[in-house]
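The values are calculated or read from the model by the stated rules, or taken from the named source; none is laboratory data. Just so you know, these numbers come straight off a predicted model, no measurement behind them. FYI the Cβ positions are ideal-geometry reconstructions off the backbone, even for glycines, and counts take in every protein chain you see. Remember, those area values only see protein heavy atoms, side chains included, never the ligands or the DNA or RNA. Shrake-Rupley method; radii C 1.70, N 1.55, O 1.52, S 1.80 Å.
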Amino acid sequence: MYDRYNRKINYLRVSVTDKCNLRCYYCMPEEGVKLLHYKDILSYEEIAGVVRYGVEQGIDKVRLTGGEPLVKREITRLVAMLASIPGVKDLSMTTNALLLPDYAEDLVKAGLQRVNVSLDTLDPEKYSQITRGGNLNRALEGIEAARKAGLNPIKLNAVMHQYFDEEDRGALQNFAASYGYPLRFIREMDLEKGTFSKVEGGSGGDCRRCNRLRLTPNGKLKPCLFSDLAYDVRELGIEEAYRLALETKPRSGSSNTSCTFYRMGG
Ligand code: SF4
């Protein structure tokens with residue numbers, strides 16, 4: 001499918017939860033977050049319905065995001081449901097890797113192909129500070145488990161936040177190079193201010209070539225991360241939500257005052 005700017009839209013990012021087992025300071029407020037009510041959250045069957053219809057329209061790339069998707073119960077069941085939809089050519093996940101030692105093999109068996117791992121530093125103290133208590137070693141064990149299980153490629157996403165420095169960049173580049181992991185640098189974004197830039201080493205943030213739609217855990221189909229536009233698949237129906245999302249997808253992002261990163265999966 002194509003939007004009104006003739007951009008080919010073939011990529012759906014599905015945020016399955018607003019919960020996370022980390023509290024990165026640039027994503028989640030210190031005081032915690034008001035989580036969505038479980039009745040408002042789409043079931044796996046509903047998510048599969050949105051993906052299946054999207055595939056009929058031209059989606060062939062699906063990414064599972066969050067919050068942290070691996071904190072979601074039975075996540076491998078959803079992976080298997082989506083992997084079984086003919087036409088899903090690329091099924092991936094963005095994760096902080098902390099739970100990958102427990103899940104990597106089952107995710108591969110279920111049909112997951114690759115992962116993007118959020119990793120901003122290789123300094124254990126700094127990692128704990130940024131994530132408000134995360135354990136770097138556990139994340140590195142998760143990346144190793146993903147490699148051994150055959151998830152490929154394993155891409156690393158590093159957010160260049162205010163404490164990010166050249167030492168972090170150098171250490172991440174060496175680590176990534178030693179395993180052949182593609183490494184991307186993401187400038188810290190601000191939804192309300194509308195500040196964002198193209199991902200260094202990736203395709204995100206390039207509005208001229210934007211190919212994506214997003215689905216929030218509570219069933220809002222969003223044509224753009226930096227926009228308040230959102231179409232409820234339960235209220236409007238899947239078909240109408242897609243039609244409106246495609247029809248109103250903006251030429252480029254502006255600002256988003258109505259949603260959060262941990263509900264849209266960045
Ligand atoms: S800001 Fe919107 S249009 Fe631009 S790349 Fe992001 S999602 Fe696409």
Suppose we filter region 233-252 for residues that are within 20 Å of the chain's Cα centre (by Cα) and open to solvent by less than 20 Å² (accessible area, probe 1.4 Å); how many remain? 4
Pairs returned, first residue in region 208-231 that is within 15 Å of L42 (Cα to Cα) and among the charged types (D, E, K, R), second residue that is assigned to a loop (DSSP other than H, G, I, E, B) and within 8 Å of the ligand (Cβ to nearest atom), beta-carbon separation under 8 angstrom, 6 or more apart or interchain, are R214/L225
Take residues that are closer than 16 Å to P69 by Cα and hydrophobic (A, V, I, L, M, F, W, C) and tell me which of the helices (runs of 4 or more DSSP H) falling wholly in region 98-174 contain 2 or more. 100-110, 136-149
Among the residues of region 86-93, are any open to solvent by 10 Å² or more (accessible area, probe 1.4 Å), out of contact with any Asp or Glu (no Cβ under 8 Å at 6 or more places or on another chain) and farther than 18 Å from A146 by Cα? yes
